[in-house]
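The values are calculated or read from the model by the stated rules, or taken from the named source; none is laboratory data. Keep in mind it's a predicted model, so treat the numbers as computed, not measured. Using ideal geometry, Cβ is built from the backbone for each residue, glycine included, and neighbour counts are taken over all protein chains shown.
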Amino acid sequence: MTQHAPAGPWTGDAAQPDPPRRRRARPAKLGTTVVEQLVDDIVRGALRPGSALPPEGDLCEEFGVSRTVIRESVKVIQEKGLVRIEHGRGTQVTDPRQWNLLDDVVLTSVIAHDENATFLDELVSVRTALEADMAAAAALAHTPDDDERIAAALGVMRSQLHSPPDFGSADVRFHDIIMAASRNRLGRAIVNSIHDKARTSMRYHGEYNEAVMRQTLDEHQAISDAIVAGDPDAAAAAMRRHILDSWNRRRPAPPAS
């Protein structure tokens, strides 16, 4: 049975036939820019799952680059899981389930086109699970030095209530110190990677105001208290509650239908 791939952006909305592809300005960093733009075309649905990439010659004309640059760029996109090269069929766009969502370029593009915040919901769910687990681990593994760093991070947040950008930076720093105290290097690396990319989206980080900052500070204090007390269950619960409640407060409303 033939399966029909979704026609819109990676989340699957219907799309109209694509207009002819236009010539693009010649990029300064040839291969990097070609990769980024083709990834973006695939993620936003301009190149749909199951369809073939335009012929090599057309892409050379579109981007103003050589066949060598196009071939190298397509290989990079294949490594990211967005296309597969099939003899006799050309280069086919893959199903979104095959994309490497931890790849920086792919993740950045998916977040940029996540109009309904459904992918950000998934990201927050993953982040919550990992950070709650690491908060519990930190409650068992923390040292006096860790306690001092956590207290200092809270102090910086408290001192920056007048400056939302500085408060936001201190907020990120607090979470990183907790993850470092857990001694879970892989979990910390994954969270930092996905969180850094998500924070480039206004739909993810929202806006700080004094009430939000004070509530965030109180929630961080509860996490700190549980870790210093050596209570892993309380630390995990406080972290989970903080991340989910914070997301629910700032999650964008669905677009009007």
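Determine whether the stretch 211-221 contains at least one residue that is modelled with pLDDT of 95 or more, part of a helix (DSSP H, G or I), in contact with a Leu (Cβ under 9 Å, 6 or more places away or on another chain) and within 30 Å of Asp104 (Cβ to Cβ). The answer is yes; a qualifying residue exists. Met213: buried (at least 18 other Cβ atoms within 10 Å of the Cβ), more than 21 Å from Leu123 (Cβ to Cβ) and not assigned by TED's automatic domain parsing to the domain that holds Leu107, yes or no? Answer is yes for this residue. Of the residues making up the stretch 86-96, those that are in a loop (DSSP other than H, G, I, E, B) and without any contact (Cβ under 8 Å) to a residue 60 or more places away in the chain number 4.
Of all residues being assigned to a helix (DSSP H, G or I) and among the small types (Gly, Ala, Ser) in the stretch 138-165, which is farthest from Ala236 (Cα to Cα)? Just the residue, please. The selected residue is Ser159. Using the structure shown, decide if Glu115 is farther than 22 Å from Trp247 by Cβ and either loosely packed, with under 14 Cβ neighbours inside 10 Å or at pLDDT below 95 (or both). No, not satisfied. Only residues that are assigned to a loop (DSSP other than H, G, I, E, B) and over 27 Å from His162 (Cα atoms): list them for the stretch 222-252, please. Of everything in the stretch 222-252, those that are assigned to a loop (DSSP other than H, G, I, E, B) and over 27 Å from His162 (Cα atoms) turn out to be Ala229, Gly230, Asp231. Taking the stretch 156-173 as the range and being under 26 Å from the mean Cα position of the chain (by Cα), of a type in the set (D, E, K, R) and within 14 Å of Arg214 (Cβ to Cβ) as the test, only Asp171 passes.
Restricting the stretch 111-124 to residues that are assigned to a helix (DSSP H, G or I) and in contact with a helix residue (DSSP H, G or I) (Cβ under 9 Å, 6 or more places away or on another chain), the residue that is nearest to Asp225 (Cα to Cα) is Val124. For the stretch 191-204, the set of residues classified as in contact (Cβ under 8 Å) with a residue 24 or more places away in the chain, surrounded by fewer than 16 Cβ atoms within 10 Å (Cβ to Cβ) and assigned to a helix (DSSP H, G or I) consists of Ser193 only. Looking across Thr108, Thr128, one residue alone is within 19 Å of Met202 (Cα to Cα), in contact (Cβ under 8 Å) with a residue 40 or more places away in the chain and assigned to a helix (DSSP H, G or I). It is Thr108. State yes or no: is Asp245 closer than 20 Å to Ala137 by Cα, acidic (Asp, Glu) and loosely packed, with under 14 Cβ neighbours inside 10 Å? So Asp245 fails the test. Beta carbons closer than 9 Å, at least 6 apart along the sequence or on distinct chains, pair a first residue in the stretch 147-167 that is acidic (Asp, Glu) with a second that is not in a helix (DSSP H, G or I) for Asp166/Gln160. Of all the numbered requirements in (1) touching a residue at least 40 places away in the same chain (Cβ under 8 Å); (2) among the hydroxyl-bearing types (Ser, Thr, Tyr); (3) under 20 Å from Leu123 (Cβ atoms), Ser246 misses one, and that requirement is (1).
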